[in-house]
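The values are calculated or read from the model by the stated rules, or taken from the named source; none is laboratory data. The shown structure was predicted, so the numbers you read here are calculated from the model rather than taken from an experiment. Virtual Cβ from ideal backbone geometry, glycine too; neighbours counted across all protein chains shown.
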Amino acid sequence: MNVYDSDRMADVLRPLGYALAATPEQADLVVLNTCHIREHASEKVYSELGRMRDLKVERRAEGGDLTIAVAGCVAQAEGKEISRRQPAVDIVVGPQAYHRLPQLLAEAERKAAILKAGKRLPGAGVLDTEFPVESKFDHLPAPLGVRAGSAFLSIQEGCDKFCTFCVVPYTRGAEYSRPAARVLAEARQLVDAGAIEITLLGQNVNAYHGEAEDGSTWSLARLIRALAEIEGVARIRYTTSHPRDMDDDLIAVHGEVRQLMPYLHLPVQSGSDRILAAMNRQHGRDLFLGLVDRLRTARPDLALSSDFIVGFPGESDADFDDTMRLVEQVGFASAFSFKYSRRPGTPGAAMGEQVPEAVKSARLSALQALLGRQARAFNESKAGLIVPVLFAEPGRKPGQLIGKTPWLQSVFAEGDARLIGRIAETRLVEGHANSLAGEIVTGTYEAAA
Ligand code: SAM
Ligand code: SF4
(Lines give C-alpha, C1' and ligand atoms only; values in the text may rest on other atoms or scores of the structure.)
(Ligands and ions follow the chains in the order given, each with its own letter.)
Protein backbone atom coordinates (compact mmCIF):
# COMPACT_ATOMS: atom_id res chain seq x y z
CA MET A 1 0.00 0.00 0.00
CA ASN A 2 2.81 2.43 0.83
CA VAL A 3 4.63 1.64 -2.42
CA TYR A 4 1.40 2.39 -4.26
CA ASP A 5 0.86 5.61 -2.28
CA SER A 6 4.44 6.76 -2.94
CA ASP A 7 3.93 6.21 -6.68
CA ARG A 8 0.71 8.19 -6.57
CA MET A 9 2.38 11.08 -4.72
CA ALA A 10 5.01 11.14 -7.46
CA ASP A 11 2.18 11.19 -10.04
CA VAL A 12 0.53 14.17 -8.30
CA LEU A 13 3.78 16.13 -8.23
CA ARG A 14 4.88 15.37 -11.80
CA PRO A 15 2.74 18.13 -13.42
CA LEU A 16 4.48 20.63 -11.12
CA GLY A 17 7.81 19.71 -12.70
CA TYR A 18 9.00 17.24 -10.07
CA ALA A 19 10.69 14.00 -11.12
CA LEU A 20 12.04 11.18 -8.96
CA ALA A 21 15.56 11.76 -7.62
CA ALA A 22 17.89 8.84 -6.93
CA THR A 23 18.98 10.08 -3.49
CA PRO A 24 17.87 12.73 -0.96
CA GLU A 25 21.14 14.55 -1.71
CA GLN A 26 19.91 15.17 -5.27
CA ALA A 27 16.37 16.18 -4.25
CA ASP A 28 14.63 19.55 -3.80
CA LEU A 29 11.82 17.86 -1.92
CA VAL A 30 12.00 14.77 0.29
CA VAL A 31 8.75 12.99 1.17
CA LEU A 32 9.03 10.38 3.91
CA ASN A 33 6.10 8.01 3.48
CA THR A 34 5.73 6.47 6.90
CA CYS A 35 4.29 3.40 8.62
CA HIS A 36 2.79 3.48 12.12
CA ILE A 37 1.87 -0.19 12.47
CA ARG A 38 4.61 -1.05 14.98
CA GLU A 39 6.63 1.16 17.32
CA HIS A 40 9.94 0.39 15.65
CA ALA A 41 8.69 1.62 12.25
CA SER A 42 7.44 4.87 13.81
CA GLU A 43 10.64 5.61 15.69
CA LYS A 44 12.74 5.14 12.53
CA VAL A 45 10.96 8.20 11.08
CA TYR A 46 12.51 10.53 13.64
CA SER A 47 16.05 9.31 13.10
CA GLU A 48 15.59 9.68 9.34
CA LEU A 49 14.19 13.19 9.86
CA GLY A 50 17.32 14.11 11.82
CA ARG A 51 19.37 13.17 8.76
CA MET A 52 17.14 15.26 6.50
CA ARG A 53 17.45 18.23 8.84
CA ASP A 54 21.26 18.09 8.54
CA LEU A 55 20.89 18.00 4.78
CA LYS A 56 18.61 21.04 4.89
CA VAL A 57 21.09 22.97 7.04
CA GLU A 58 23.91 22.12 4.58
CA ARG A 59 21.76 23.13 1.64
CA ARG A 60 20.90 26.47 3.20
CA ALA A 61 24.53 27.18 3.99
CA GLU A 62 25.11 26.84 0.25
CA GLY A 63 22.26 29.28 -0.51
CA GLY A 64 19.78 26.57 -1.57
CA ASP A 65 16.95 24.84 0.26
CA LEU A 66 15.35 21.47 0.88
CA THR A 67 11.64 20.96 1.53
CA ILE A 68 10.82 18.11 3.93
CA ALA A 69 7.41 16.44 3.96
CA VAL A 70 6.19 13.61 6.18
CA ALA A 71 3.34 11.56 4.69
CA GLY A 72 1.56 8.35 5.65
CA CYS A 73 0.27 6.94 8.90
CA VAL A 74 2.84 8.44 11.30
CA ALA A 75 1.88 11.84 9.86
CA GLN A 76 -1.78 11.01 10.48
CA ALA A 77 -1.26 9.71 14.01
CA GLU A 78 1.24 12.25 15.31
CA GLY A 79 0.30 15.37 13.32
CA LYS A 80 1.75 18.54 14.94
CA GLU A 81 3.92 16.48 17.27
CA ILE A 82 6.17 15.76 14.25
CA SER A 83 6.95 19.44 13.63
CA ARG A 84 7.43 19.91 17.37
CA ARG A 85 9.96 17.07 17.59
CA GLN A 86 11.61 18.02 14.31
CA PRO A 87 11.06 21.70 13.44
CA ALA A 88 12.81 21.33 10.08
CA VAL A 89 9.70 19.58 8.73
CA ASP A 90 7.74 21.73 6.26
CA ILE A 91 4.71 19.58 5.50
CA VAL A 92 2.80 16.89 7.40
CA VAL A 93 0.23 15.12 5.23
CA GLY A 94 -2.01 12.18 6.14
CA PRO A 95 -2.72 9.25 3.80
CA GLN A 96 -6.16 10.54 2.79
CA ALA A 97 -4.93 14.02 1.87
CA TYR A 98 -1.92 13.45 -0.38
CA HIS A 99 -3.81 14.59 -3.47
CA ARG A 100 -3.55 18.04 -1.86
CA LEU A 101 0.26 17.97 -1.91
CA PRO A 102 0.50 20.67 -4.64
CA GLN A 103 -1.50 23.14 -2.51
CA LEU A 104 0.44 22.20 0.61
CA LEU A 105 3.73 22.78 -1.21
CA ALA A 106 2.60 26.21 -2.38
CA GLU A 107 1.54 27.09 1.16
CA ALA A 108 4.81 25.81 2.58
CA GLU A 109 6.77 27.87 0.05
CA ARG A 110 4.89 31.02 1.04
CA LYS A 111 5.41 30.40 4.74
CA ALA A 112 9.08 29.57 4.24
CA ALA A 113 9.61 32.84 2.34
CA ILE A 114 8.04 34.83 5.17
CA LEU A 115 10.00 32.98 7.82
CA LYS A 116 13.24 33.36 5.88
CA ALA A 117 12.72 37.13 5.56
CA GLY A 118 12.35 37.29 9.33
CA LYS A 119 15.35 34.96 9.69
CA ARG A 120 13.29 32.58 11.81
CA LEU A 121 13.18 29.01 10.71
CA PRO A 122 13.70 26.16 9.97
CA GLY A 123 10.45 24.45 8.74
CA ALA A 124 7.23 25.97 7.43
CA GLY A 125 4.96 23.63 9.41
CA VAL A 126 1.99 23.09 7.07
CA LEU A 127 -0.37 20.35 8.24
CA ASP A 128 -3.17 18.38 6.56
CA THR A 129 -4.40 15.32 8.39
CA GLU A 130 -8.07 15.67 7.53
CA PHE A 131 -10.19 12.79 6.32
CA PRO A 132 -11.68 14.86 3.46
CA VAL A 133 -15.22 14.24 2.26
CA GLU A 134 -13.99 13.97 -1.32
CA SER A 135 -12.01 10.85 -2.14
CA LYS A 136 -8.39 11.40 -3.05
CA PHE A 137 -8.92 8.88 -5.86
CA ASP A 138 -11.11 11.42 -7.69
CA HIS A 139 -8.26 13.91 -7.65
CA LEU A 140 -5.34 11.78 -8.74
CA PRO A 141 -3.95 11.72 -12.26
CA ALA A 142 -3.86 8.51 -14.32
CA PRO A 143 -1.47 6.02 -12.71
CA LEU A 144 1.98 5.57 -14.23
CA GLY A 145 3.43 3.07 -11.78
CA VAL A 146 3.98 -0.10 -13.80
CA ARG A 147 7.19 -1.86 -12.81
CA ALA A 148 8.41 -4.74 -14.95
CA GLY A 149 4.94 -5.76 -16.05
CA SER A 150 3.47 -5.58 -12.58
CA ALA A 151 1.24 -2.92 -11.02
CA PHE A 152 -0.67 -2.27 -7.82
CA LEU A 153 -4.24 -1.06 -7.98
CA SER A 154 -5.79 0.27 -4.79
CA ILE A 155 -9.51 -0.62 -4.67
CA GLN A 156 -10.35 -0.30 -1.00
CA GLU A 157 -8.99 1.63 1.93
CA GLY A 158 -9.51 2.01 5.63
CA CYS A 159 -11.00 -0.39 8.11
CA ASP A 160 -14.01 -0.59 10.41
CA LYS A 161 -12.97 -3.76 12.23
CA PHE A 162 -11.00 -2.29 15.12
CA CYS A 163 -8.81 -5.21 16.11
CA THR A 164 -7.60 -4.21 19.54
CA PHE A 165 -3.90 -4.20 18.59
CA CYS A 166 -4.17 -2.17 15.38
CA VAL A 167 -3.84 1.53 14.47
CA VAL A 168 -5.19 1.23 10.91
CA PRO A 169 -8.81 2.27 11.65
CA TYR A 170 -7.44 5.43 13.31
CA THR A 171 -4.78 6.31 10.72
CA ARG A 172 -6.49 5.27 7.49
CA GLY A 173 -10.06 6.04 8.53
CA ALA A 174 -13.33 4.31 7.72
CA GLU A 175 -13.68 1.57 5.14
CA TYR A 176 -14.17 2.87 1.60
CA SER A 177 -14.46 1.00 -1.71
CA ARG A 178 -13.78 2.67 -5.05
CA PRO A 179 -16.55 2.39 -7.66
CA ALA A 180 -16.13 -0.69 -9.88
CA ALA A 181 -16.07 1.24 -13.18
CA ARG A 182 -13.20 3.43 -11.93
CA VAL A 183 -11.21 0.37 -10.89
CA LEU A 184 -11.72 -1.30 -14.27
CA ALA A 185 -10.81 1.91 -16.13
CA GLU A 186 -7.61 2.17 -14.10
CA ALA A 187 -6.84 -1.48 -14.81
CA ARG A 188 -7.17 -0.81 -18.56
CA GLN A 189 -4.82 2.17 -18.24
CA LEU A 190 -2.31 -0.01 -16.41
CA VAL A 191 -2.49 -2.68 -19.12
CA ASP A 192 -1.97 0.03 -21.77
CA ALA A 193 1.07 1.16 -19.77
CA GLY A 194 2.51 -2.38 -19.91
CA ALA A 195 1.05 -4.23 -16.91
CA ILE A 196 0.39 -7.95 -17.31
CA GLU A 197 0.01 -8.58 -13.57
CA ILE A 198 -2.35 -6.54 -11.38
CA THR A 199 -2.39 -6.76 -7.60
CA LEU A 200 -5.56 -5.36 -6.05
CA LEU A 201 -4.84 -3.59 -2.79
CA GLY A 202 -6.79 -2.77 0.33
CA GLN A 203 -6.38 -2.98 4.10
CA ASN A 204 -9.41 -5.28 3.95
CA VAL A 205 -9.47 -5.95 0.26
CA ASN A 206 -11.99 -8.79 0.42
CA ALA A 207 -14.48 -6.53 2.20
CA TYR A 208 -14.66 -4.68 -1.14
CA HIS A 209 -18.19 -3.52 -1.97
CA GLY A 210 -17.87 -1.08 -4.85
CA GLU A 211 -20.77 0.68 -6.45
CA ALA A 212 -21.44 -0.37 -10.04
CA GLU A 213 -22.86 1.86 -12.77
CA ASP A 214 -26.28 0.17 -12.58
CA GLY A 215 -26.49 1.03 -8.86
CA SER A 216 -25.74 -2.52 -7.70
CA THR A 217 -22.87 -3.38 -5.40
CA TRP A 218 -19.97 -5.48 -6.64
CA SER A 219 -18.07 -7.86 -4.40
CA LEU A 220 -14.39 -8.63 -4.83
CA ALA A 221 -15.31 -11.90 -6.58
CA ARG A 222 -17.37 -10.03 -9.15
CA LEU A 223 -14.59 -7.49 -9.68
CA ILE A 224 -11.99 -10.22 -10.22
CA ARG A 225 -14.21 -11.92 -12.81
CA ALA A 226 -14.55 -8.61 -14.70
CA LEU A 227 -10.83 -7.89 -14.43
CA ALA A 228 -10.02 -11.29 -15.91
CA GLU A 229 -11.96 -10.31 -19.03
CA ILE A 230 -9.66 -7.39 -19.80
CA GLU A 231 -7.37 -8.49 -22.59
CA GLY A 232 -3.75 -8.49 -21.53
CA VAL A 233 -4.34 -9.22 -17.82
CA ALA A 234 -2.36 -12.42 -17.35
CA ARG A 235 -2.10 -12.45 -13.57
CA ILE A 236 -4.36 -11.19 -10.79
CA ARG A 237 -3.53 -11.09 -7.09
CA TYR A 238 -5.16 -9.36 -4.13
CA THR A 239 -4.06 -8.44 -0.65
CA THR A 240 -4.76 -8.17 2.32
CA SER A 241 -7.81 -10.20 3.24
CA HIS A 242 -9.68 -10.76 6.46
CA PRO A 243 -10.94 -14.31 7.23
CA ARG A 244 -14.43 -13.05 8.08
CA ASP A 245 -14.87 -11.55 4.60
CA MET A 246 -13.81 -14.68 2.69
CA ASP A 247 -17.22 -15.53 1.19
CA ASP A 248 -18.30 -18.55 -0.90
CA ASP A 249 -18.18 -16.69 -4.19
CA LEU A 250 -14.62 -15.47 -3.57
CA ILE A 251 -13.56 -19.01 -2.67
CA ALA A 252 -15.19 -20.27 -5.89
CA VAL A 253 -13.31 -17.65 -7.94
CA HIS A 254 -10.05 -19.27 -6.85
CA GLY A 255 -11.10 -22.42 -8.67
CA GLU A 256 -12.68 -20.72 -11.68
CA VAL A 257 -10.60 -17.74 -12.79
CA ARG A 258 -7.46 -18.90 -14.56
CA GLN A 259 -5.68 -15.54 -14.17
CA LEU A 260 -6.15 -15.47 -10.39
CA MET A 261 -2.85 -16.76 -9.03
CA PRO A 262 -2.89 -19.72 -6.63
CA TYR A 263 -1.71 -17.69 -3.67
CA LEU A 264 -3.62 -16.14 -0.78
CA HIS A 265 -2.40 -14.01 2.10
CA LEU A 266 -4.95 -14.58 4.86
CA PRO A 267 -3.83 -13.23 8.25
CA VAL A 268 -4.94 -15.29 11.26
CA GLN A 269 -2.80 -13.58 13.96
CA SER A 270 -3.26 -16.34 16.56
CA GLY A 271 -4.44 -19.95 16.87
CA SER A 272 -6.05 -19.40 20.26
CA ASP A 273 -9.77 -18.61 20.43
CA ARG A 274 -9.26 -16.79 23.72
CA ILE A 275 -6.65 -14.47 22.19
CA LEU A 276 -8.58 -14.04 18.95
CA ALA A 277 -11.56 -12.85 21.03
CA ALA A 278 -9.35 -10.46 23.03
CA MET A 279 -7.99 -9.17 19.71
CA ASN A 280 -11.59 -8.57 18.52
CA ARG A 281 -10.79 -10.48 15.34
CA GLN A 282 -14.42 -11.53 14.88
CA HIS A 283 -13.36 -15.04 13.86
CA GLY A 284 -12.21 -18.11 15.71
CA ARG A 285 -9.75 -20.86 14.99
CA ASP A 286 -12.37 -23.19 13.47
CA LEU A 287 -13.63 -20.58 11.04
CA PHE A 288 -10.08 -20.13 9.76
CA LEU A 289 -9.39 -23.87 9.47
CA GLY A 290 -12.75 -24.36 7.70
CA LEU A 291 -11.81 -21.65 5.19
CA VAL A 292 -8.48 -23.31 4.51
CA ASP A 293 -10.26 -26.60 3.72
CA ARG A 294 -12.76 -24.96 1.41
CA LEU A 295 -10.10 -22.92 -0.36
CA ARG A 296 -7.97 -26.01 -0.91
CA THR A 297 -10.96 -27.89 -2.26
CA ALA A 298 -11.56 -25.07 -4.76
CA ARG A 299 -7.88 -24.71 -5.67
CA PRO A 300 -5.80 -27.68 -4.49
CA ASP A 301 -2.41 -26.08 -5.21
CA LEU A 302 -3.22 -22.84 -3.34
CA ALA A 303 -0.21 -21.43 -1.47
CA LEU A 304 -1.27 -19.94 1.84
CA SER A 305 0.45 -17.12 3.64
CA SER A 306 -0.50 -15.39 6.89
CA ASP A 307 0.36 -12.82 9.57
CA PHE A 308 0.98 -13.78 13.20
CA ILE A 309 1.32 -11.73 16.36
CA VAL A 310 2.99 -13.33 19.37
CA GLY A 311 2.81 -11.94 22.90
CA PHE A 312 -0.55 -10.20 22.69
CA PRO A 313 -1.58 -9.16 26.26
CA GLY A 314 -2.65 -12.21 28.26
CA GLU A 315 -1.18 -14.77 25.81
CA SER A 316 -0.23 -17.84 27.88
CA ASP A 317 2.04 -20.74 26.93
CA ALA A 318 -1.10 -22.75 26.13
CA ASP A 319 -2.41 -19.99 23.83
CA PHE A 320 0.92 -19.89 22.03
CA ASP A 321 0.83 -23.70 21.67
CA ASP A 322 -2.55 -23.32 19.97
CA THR A 323 -0.87 -21.03 17.41
CA MET A 324 1.93 -23.55 16.83
CA ARG A 325 -0.62 -26.35 16.37
CA LEU A 326 -2.63 -24.29 13.90
CA VAL A 327 0.53 -23.63 11.87
CA GLU A 328 1.38 -27.36 11.89
CA GLN A 329 -2.13 -28.24 10.81
CA VAL A 330 -2.32 -25.74 7.91
CA GLY A 331 1.23 -25.73 6.51
CA PHE A 332 2.02 -22.24 5.21
CA ALA A 333 4.03 -21.41 2.10
CA SER A 334 5.19 -18.15 3.64
CA ALA A 335 4.27 -15.86 6.53
CA PHE A 336 4.98 -12.65 8.38
CA SER A 337 5.26 -12.85 12.15
CA PHE A 338 5.69 -10.10 14.68
CA LYS A 339 6.06 -9.48 18.39
CA TYR A 340 3.05 -7.59 19.69
CA SER A 341 3.84 -3.89 19.67
CA ARG A 342 1.91 -1.70 22.09
CA ARG A 343 0.34 1.12 20.06
CA PRO A 344 -0.82 4.20 21.98
CA GLY A 345 -4.56 4.78 21.74
CA THR A 346 -5.49 1.18 20.87
CA PRO A 347 -7.43 -0.94 23.41
CA GLY A 348 -4.59 -3.50 23.54
CA ALA A 349 -2.17 -0.91 24.90
CA ALA A 350 -4.35 -0.44 27.99
CA MET A 351 -4.81 -4.17 28.69
CA GLY A 352 -3.24 -5.72 31.76
CA GLU A 353 -0.96 -8.77 31.54
CA GLN A 354 1.43 -7.33 28.94
CA VAL A 355 3.78 -10.17 27.99
CA PRO A 356 7.48 -9.66 28.93
CA GLU A 357 9.82 -8.91 26.03
CA ALA A 358 11.94 -12.03 26.62
CA VAL A 359 8.87 -14.28 26.40
CA LYS A 360 7.77 -12.57 23.18
CA SER A 361 11.25 -13.07 21.70
CA ALA A 362 11.36 -16.77 22.59
CA ARG A 363 7.89 -17.37 21.13
CA LEU A 364 8.74 -15.48 17.96
CA SER A 365 11.90 -17.56 17.43
CA ALA A 366 10.00 -20.82 17.87
CA LEU A 367 7.24 -19.72 15.51
CA GLN A 368 9.63 -18.40 12.88
CA ALA A 369 11.66 -21.61 12.98
CA LEU A 370 8.51 -23.63 12.26
CA LEU A 371 7.30 -21.24 9.54
CA GLY A 372 10.79 -21.24 8.01
CA ARG A 373 10.79 -25.05 7.80
CA GLN A 374 7.38 -24.97 6.15
CA ALA A 375 8.46 -22.32 3.60
CA ARG A 376 11.52 -24.38 2.66
CA ALA A 377 9.43 -27.56 2.35
CA PHE A 378 6.97 -25.69 0.13
CA ASN A 379 9.77 -24.41 -2.12
CA GLU A 380 11.35 -27.88 -2.29
CA SER A 381 8.00 -29.42 -3.23
CA LYS A 382 7.95 -27.35 -6.44
CA ALA A 383 11.39 -28.48 -7.66
CA GLY A 384 11.12 -30.34 -10.99
CA LEU A 385 8.04 -28.44 -12.24
CA ILE A 386 8.00 -26.22 -15.31
CA VAL A 387 5.96 -23.09 -14.49
CA PRO A 388 5.35 -19.60 -15.88
CA VAL A 389 7.61 -17.07 -14.14
CA LEU A 390 7.15 -13.30 -14.40
CA PHE A 391 10.63 -11.80 -14.46
CA ALA A 392 10.87 -8.59 -12.45
CA GLU A 393 14.49 -7.47 -12.12
CA PRO A 394 18.14 -8.37 -12.66
CA GLY A 395 19.76 -10.53 -9.98
CA ARG A 396 23.02 -9.69 -8.23
CA LYS A 397 25.10 -11.97 -10.48
CA PRO A 398 25.71 -10.90 -14.09
CA GLY A 399 23.18 -12.45 -16.50
CA GLN A 400 20.86 -13.43 -13.65
CA LEU A 401 17.17 -12.53 -13.46
CA ILE A 402 14.72 -12.66 -10.54
CA GLY A 403 11.10 -13.52 -11.13
CA LYS A 404 7.98 -14.78 -9.40
CA THR A 405 6.19 -18.10 -9.73
CA PRO A 406 2.38 -18.24 -9.63
CA TRP A 407 2.79 -19.04 -5.88
CA LEU A 408 4.78 -15.79 -5.39
CA GLN A 409 8.08 -17.56 -4.73
CA SER A 410 11.23 -15.81 -5.96
CA VAL A 411 13.11 -17.61 -8.72
CA PHE A 412 16.70 -16.94 -9.77
CA ALA A 413 17.53 -17.91 -13.36
CA GLU A 414 20.02 -17.00 -16.05
CA GLY A 415 18.35 -15.06 -18.86
CA ASP A 416 18.25 -12.17 -21.25
CA ALA A 417 17.43 -8.88 -19.48
CA ARG A 418 14.82 -8.24 -22.19
CA LEU A 419 12.70 -10.89 -20.45
CA ILE A 420 12.10 -8.45 -17.56
CA GLY A 421 8.40 -7.64 -17.49
CA ARG A 422 7.55 -10.86 -19.35
CA ILE A 423 6.45 -14.34 -18.45
CA ALA A 424 8.71 -17.24 -19.46
CA GLU A 425 8.26 -20.96 -18.84
CA THR A 426 10.91 -21.91 -16.31
CA ARG A 427 12.03 -25.25 -14.88
CA LEU A 428 12.31 -25.05 -11.09
CA VAL A 429 15.54 -26.84 -10.32
CA GLU A 430 16.07 -26.52 -6.58
CA GLY A 431 14.09 -25.14 -3.64
CA HIS A 432 15.80 -23.11 -0.88
CA ALA A 433 14.68 -21.34 2.30
CA ASN A 434 13.46 -18.16 0.58
CA SER A 435 13.71 -18.80 -3.15
CA LEU A 436 14.17 -21.33 -5.95
CA ALA A 437 16.84 -21.81 -8.57
CA GLY A 438 15.40 -22.11 -12.07
CA GLU A 439 16.26 -22.55 -15.73
CA ILE A 440 14.31 -20.68 -18.39
CA VAL A 441 12.86 -23.20 -20.82
CA THR A 442 11.40 -20.90 -23.46
CA GLY A 443 15.00 -19.77 -23.57
CA THR A 444 15.23 -16.78 -25.78
CA TYR A 445 13.79 -13.34 -25.80
CA GLU A 446 12.21 -14.02 -29.21
CA ALA A 447 10.47 -17.13 -27.95
CA ALA A 448 8.83 -15.18 -25.14
CA ALA A 449 7.94 -12.17 -27.27
N1 SAM B 1 -5.99 -5.95 7.59
C2 SAM B 1 -5.09 -6.99 7.74
C3 SAM B 1 -5.70 -8.08 8.62
O4 SAM B 1 -6.69 -7.87 9.25
O5 SAM B 1 -5.13 -9.11 8.75
C6 SAM B 1 -3.76 -6.58 8.32
C7 SAM B 1 -3.25 -5.21 8.16
S8 SAM B 1 -1.86 -4.77 9.17
C9 SAM B 1 -1.36 -3.38 8.25
C10 SAM B 1 -0.60 -5.96 8.81
C11 SAM B 1 -0.20 -6.81 9.96
O12 SAM B 1 0.53 -6.07 10.91
C13 SAM B 1 -1.31 -7.43 10.74
O14 SAM B 1 -1.86 -8.55 10.11
C15 SAM B 1 -0.65 -7.78 12.05
O16 SAM B 1 -0.12 -9.08 12.03
C17 SAM B 1 0.47 -6.75 12.14
N18 SAM B 1 0.22 -5.80 13.23
C19 SAM B 1 -0.73 -4.86 13.27
N20 SAM B 1 -0.69 -4.20 14.47
C21 SAM B 1 0.30 -4.76 15.18
C22 SAM B 1 0.82 -4.54 16.49
N23 SAM B 1 0.32 -3.62 17.29
N24 SAM B 1 1.87 -5.31 16.89
C25 SAM B 1 2.38 -6.27 16.09
N26 SAM B 1 1.94 -6.52 14.86
C27 SAM B 1 0.90 -5.78 14.39
FE1 SF4 C 1 -6.05 -3.67 11.51
FE2 SF4 C 1 -6.65 -5.58 9.72
FE3 SF4 C 1 -7.82 -5.57 12.13
FE4 SF4 C 1 -8.45 -3.67 10.36
S5 SF4 C 1 -8.85 -5.90 10.19
S6 SF4 C 1 -8.06 -3.37 12.53
S7 SF4 C 1 -6.48 -3.37 9.36
S8 SF4 C 1 -5.63 -5.88 11.65
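Below, the figures for the structure above:
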{"quantity": "Checklist (1) surrounded by fewer than 16 Cβ atoms within 10 Å (Cβ to Cβ); (2) closer than 30 Å to residue 166 by Cα applied to residue 22, failing item", "calculated": "(2)"}
{"quantity": "Search result, residues across segment 298-354 that are in contact with a His (Cβ under 7 Å, 6 or more places away or on another chain) and farther than 20 Å from residue 367 by Cα", "calculated": "298, 299, 302"}
{"quantity": "Top-ranked residue in segment 174-199 [being surrounded by fewer than 20 Cβ atoms within 10 Å (Cβ to Cβ) and assigned to a loop (DSSP other than H, G, I, E, B); ranked as nearest to ligand 2 (Cβ to nearest atom)]", "calculated": "175"}
{"quantity": "Search result, residues across segment 369-415 that are at pLDDT 95 or above, of a type outside the set (Gly, Ala, Ser) and assigned to a loop (DSSP other than H, G, I, E, B)", "calculated": "382, 385, 405, 406, 407, 408, 409"}
{"quantity": "Failed item in (1) in a loop (DSSP other than H, G, I, E, B); (2) away from ligand 2 (no atom under 16 Å from the Cβ); (3) more than 29 Å from residue 237 (Cα to Cα), with residue 366 passing the rest", "calculated": "(1)"}
{"quantity": "Cβ-Cβ under 6 Å pairs, at least 6 apart or on other chains, segment 323-351 side modelled with pLDDT of 95 or more, far side loosely packed, with under 14 Cβ neighbours inside 10 Å", "calculated": "341/39"}
{"quantity": "Given (1) more than 15 Å from ligand 1 (Cβ to nearest atom); (2) part of a helix (DSSP H, G or I), index of the condition residue 353 fails", "calculated": "(2)"}
{"quantity": "In segment 227-267, residue nearest to residue 190 (Cα to Cα) [restricted to those that are of a type in the set (Val, Ile, Thr) and within 17 Å of the chain's Cα centre (by Cα)]", "calculated": "236"}
{"quantity": "Single residue of 30, 74 found to be in a helix (DSSP H, G or I), surrounded by 13 or more Cβ atoms within 10 Å (Cβ to Cβ) and among the β-branched types (Val, Ile, Thr)", "calculated": "74"}
{"quantity": "Search result, residues across segment 120-159 that are farther than 26 Å from residue 82 by Cα and at pLDDT 75 or above", "calculated": "146, 147, 148, 149, 150, 151, 152, 153, 154, 155, 156"}
{"quantity": "Matching residues in segment 186-213 - criterion: being out of contact with any Gly (no Cβ under 9 Å at 6 or more places or on another chain), among the charged types (D, E, K, R) and modelled with pLDDT of 95 or more", "calculated": "211"}
{"quantity": "Residue tally, condition in a loop (DSSP other than H, G, I, E, B), in contact with a Phe, Trp or Tyr (Cβ under 9 Å, 6 or more places away or on another chain) and over 27 Å from residue 349 (Cβ atoms), over segment 282-336", "calculated": "5"}
{"quantity": "Condition check for residue 163: of a type in the set (A, V, I, L, M, F, W, C), near ligand 2 (Cβ under 8 Å from one of its atoms) and touching a residue at least 60 places away in the same chain (Cβ under 8 Å)", "calculated": "yes"}
{"quantity": "Identity of the residue in segment 162-187, of a type in the set (A, V, I, L, M, F, W, C) and either within 16 Å of ligand 1 (Cβ to nearest atom) or under 17 Å from the mean Cα position of the chain (by Cα) (or both), that ends up farthest from residue 214 (Cα to Cα)", "calculated": "165"}
{"quantity": "In segment 21-32, residue farthest from ligand 2 (Cβ to nearest atom) [restricted to those that are under 23 Å from the mean Cα position of the chain (by Cα) and closer than 16 Å to residue 105 by Cβ]", "calculated": "21"}
